[in-house]
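Each remark here refers to the structure printed beneath this line.
The values are calculated or read from the model by the stated rules, or taken from the named source; none is laboratory data. Just so it is clear, the structure is predicted and the values come from calculations on it, not from any experiment. Backbone-built Cβ (ideal geometry, glycine too); neighbour counts: all protein chains shown. Each accessible area value is taken on the protein alone, full model and side chains, heavy atoms only, with ligands, DNA and RNA left out. Shrake-Rupley method; radii C 1.70, N 1.55, O 1.52, S 1.80 Å.
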Amino acid sequence: MATNATDHHVSFSEQVNRMFDKAATFLDHPAGLIAQIKNCNSVYRMEFPLKRDDGSIDVITAYRAEHSHHKQPTKGGIRYAGNVNEDEVVALASLMTYKCAIVDVPFGGAKGGIKINRGDYSETEIERITRRYTFELQKKNFIGPGIDVPAPDYGTRPSDMAVILDTYTSLTLTENPIDALACVTGKPVGQGGVRGRNEATGRGVYYGIREAVSFSDDMERLGLSTGLDDKTVVVQGLGNVGYHAAKYLQEGGATLVGLAEYEGAIHSENGLDLDAVVAHRKETGSILNFPGATNIEFSAQALELECDILVPAALESQIRKDNASQIKAKIVGEAANGPVTADADAILNEKGVLIIPDIFLNAGGVTVSYFEWLRNLSHVRHGRMNRRFEENSARRILEAIETLSGTQFNQETLGHVITKVALGASEEDLVNSGLEDTMVAAYHEVRELTKKHNTDQRTAAFISALDKVASSYSQMGIFP
Ligand code: NAD
């Protein structure tokens, strides 16, 4: 289906709502309930002054949207980008509600955004903006461990989360300081962060794609074999999510044949060594001119490269009505939020592309944020109470086997077995295993719904989310 028309005029929240509405037609919930689930509960838009390093004043525009209070706290990242606007923040907050429901994380959805290009400000100015934003949120009751809990997103880092924590803590010293650590997630580990959070979204993307390619009937339909080993991958965006997704996919056996950043893209059929590309970019300031690779000056053309799996991991609306028919990938793994517009979604589905939807695939971040929140509220590192106990139990089992079998194990073999079998789980092991279990279970659930309703995975994922949020409302006795 060739088309030159674009779908730029359709807002991001309208794109999400179209996908939501499609799923709603498969269910028979009352129209009022569907509207309540779809609509955004509250939006706080703020403007505040920033005194710049040179003494001049900028007026900063920022938002926080809490899409659904059917569970509390609400949860969602904070984005720093020049094109942040109310519609985008609301759309991203709604995706958070659906995402949390799909992976059974007991939060409502939220999102924040500050309309700044990070590169235009010094780090001290960024800190002042972050502090003032936190102050504004606190003033209007839009932040707190049981109210609304931010996290990193596009353009924000763990160090920004540490600034949010520091500001929140100093503002609430007399209220509930004991749980204050849980007011924000994605913090550095030394500031109450959990091990594994920084890489969690990309790792979750890997688990989701690995699961998708393990089903022989699904792969046969796409003309592919199972497993990652012979798969070629193109990744757009080498930030937190894209870098980690690319890293784990490469470690899992896939070949990275294309990498795209905002300044351009590179291509090599023989495969690109991710860390060498990142080192080259650090040294030269650009992904372009990487030895052995071909330059693609217009970065978006990388989306149209020949490959098995395309992973858009930058921003929304990258695959639209005007370029969807040129996509050659058989699988699109949506690591970013909203990278495929509703019109493009229909075109790709018609082409038989398997789209693994954002509301499932990038849920690893909020899943591990949930583990961080639990760690902060329980005031103990995951695994601290049982790690040594597990190790000792496994040793006792090995000793019992020795006694029962009447054979004395060779000390060297025993030492080897102990380090393999009797190792107690560290916090990172527990976090990664909880993340893997969550992503695998959710993929199976979404795939089952896809089959049951004879639809695509995005619609199935929305059906899963919609049903779960609806059931929360009916348990509250608000709706039948
Ligand atoms: P990031 O700021 O760490 O990285 C984004 C990268 O994309 C940057 O390197 C940027 O230069 C690049 N980029 C921007 N425009 C581009 C373009 N047109 N072409 C190619 N590259 C481009 O952001 P992130 O945290 O990795 O977030 C990326 C996406 O993933 C966003 O949609 C975000 O909402 C989503 N997401 C993030 C998380 C998280 O935990 N950080 C969780 C879920 C979803």
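Pairs linking a residue in the stretch 259-285 that is touching a residue at least 24 places away in the same chain (Cβ under 8 Å) to a residue that is of a type in the set (S, T, N, Q) and part of a loop (DSSP other than H, G, I, E, B), with Cβ atoms under 9 Å and 6 or more positions apart or on different chains, are Glu261/Ser286; Glu263/Ser286; Gly264/Ser286; Ile266/Asn289. Among the conditions (1) open to solvent by 10 Å² or more (accessible area, probe 1.4 Å); (2) in contact (Cβ under 8 Å) with a residue 60 or more places away in the chain, the only one that Leu249 does not satisfy is (1). Looking only at residues of the stretch 326-338 that are without any contact (Cβ under 8 Å) to a residue 60 or more places away in the chain and of a type outside the set (Asp, Glu), we find that the one that is surrounded by the fewest Cβ atoms within 10 Å (Cβ to Cβ) is Gln326. Quick check on the stretch 173-183. Is at least one of its residues more than 16 Å from the ligand (Cβ to nearest atom), among the acidic types (Asp, Glu) and exposed (fewer than 15 other Cβ atoms within 10 Å of the Cβ)? Yes; the residues of the stretch 173-183 include at least one that is more than 16 Å from the ligand (Cβ to nearest atom), among the acidic types (Asp, Glu) and exposed (fewer than 15 other Cβ atoms within 10 Å of the Cβ).
Within the stretch 139-165, the only residue that satisfies the criterion of being surrounded by fewer than 17 Cβ atoms within 10 Å (Cβ to Cβ), more than 16 Å from the ligand (Cβ to nearest atom) and assigned to a helix (DSSP H, G or I) is Lys139.
From the list Asn323, Asn289, the one residue that fits, being free of Cβ contacts under 8 Å to residues at least 40 places away in the same chain, within 15 Å of the ligand (Cβ to nearest atom) and either open to solvent by less than 40 Å² (accessible area, probe 1.4 Å) or more than 21 Å from Asp218 (Cβ to Cβ) (or both), is Asn323. Within the stretch 207-227, the set of residues being over 21 Å from Gly364 (Cβ atoms), part of a loop (DSSP other than H, G, I, E, B) and open to solvent by 30 Å² or more (accessible area, probe 1.4 Å) comprises Gly223, Ser225, Thr226. Among the conditions (1) open to solvent by 40 Å² or more (accessible area, probe 1.4 Å); (2) at pLDDT 95 or above, Gly76 misses just one, which is (1).
The residue of the stretch 348-361 that is nearest to the ligand (Cβ to nearest atom), among those that are out of contact with any strand residue (DSSP E or B) (no Cβ under 9 Å at 6 or more places or on another chain) and open to solvent by 10 Å² or more (accessible area, probe 1.4 Å), is Lys351. I need the full set of residues from the stretch 312-345 which are assigned to a loop (DSSP other than H, G, I, E, B), among the acidic types (Asp, Glu) and within 26 Å of Arg79 (Cα to Cα), in order please. Scanning the stretch 312-345 gives Glu316, Glu334. Of all the numbered requirements in (1) more than 14 Å from the ligand (Cβ to nearest atom); (2) open to solvent by less than 40 Å² (accessible area, probe 1.4 Å); (3) in a loop (DSSP other than H, G, I, E, B), His280 misses one, and that requirement is (3).
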